[in-house]
């Protein structure tokens, strides 16, 4: 992939991200769960946009996720971890922010595993 194609791909993702964020907002009762993925790692944050604070965060960089890669299987494990941490904080409903990524593959695996842990969105 050439540099121009890569820049165009990132620009389009940024435009999708802005468009989605105009309608999605996290509150204390229903925080926003956002996903970021790089080539090596996956990150998930649950954010209360009213206060501007992160309630729960998890990534594949943590000790608990040692050896987990940025694959669909790794996304499932990360989603389960986020789901259990949300349950510990008594949060059972979130708004899912795919952060401009297509809802398939790793992003879908994170969402499905979080739902399986008992979180609604």
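Here the range 1-57 was treated as a single set of alpha-carbon atoms; its pair distances binned every 10 Å from 0 give 20, 40, 29, 10, 1 percent. Calculated mean residue ellipticity, 222 nm, the chain: -13000 deg cm²/dmol, from DSSP H runs (n ≥ 4) at -39500 (n - 2.57) each, averaged per residue and rounded to 500. In plain terms, the chain from residue 29 to residue 4 could stretch by 4.8 nm, reckoned as 0.36 nm per residue minus the Cα-Cα distance. The stretch between residue 21 and residue 66 holds 13.0 nm of extra length on full extension. This uses 0.36 nm per residue minus the Cα-Cα distance. Only Cα pairs under 8 Å and at least 6 apart count here; give the relative contact order of the range 3-116 as a rounded whole percent. It rounds to 29 percent for the range 3-116.
A short reminder: the numbers here are calculations on the coordinates, not readings from a lab. Just so it is clear, the model here is predicted, and its values are computed rather than measured.
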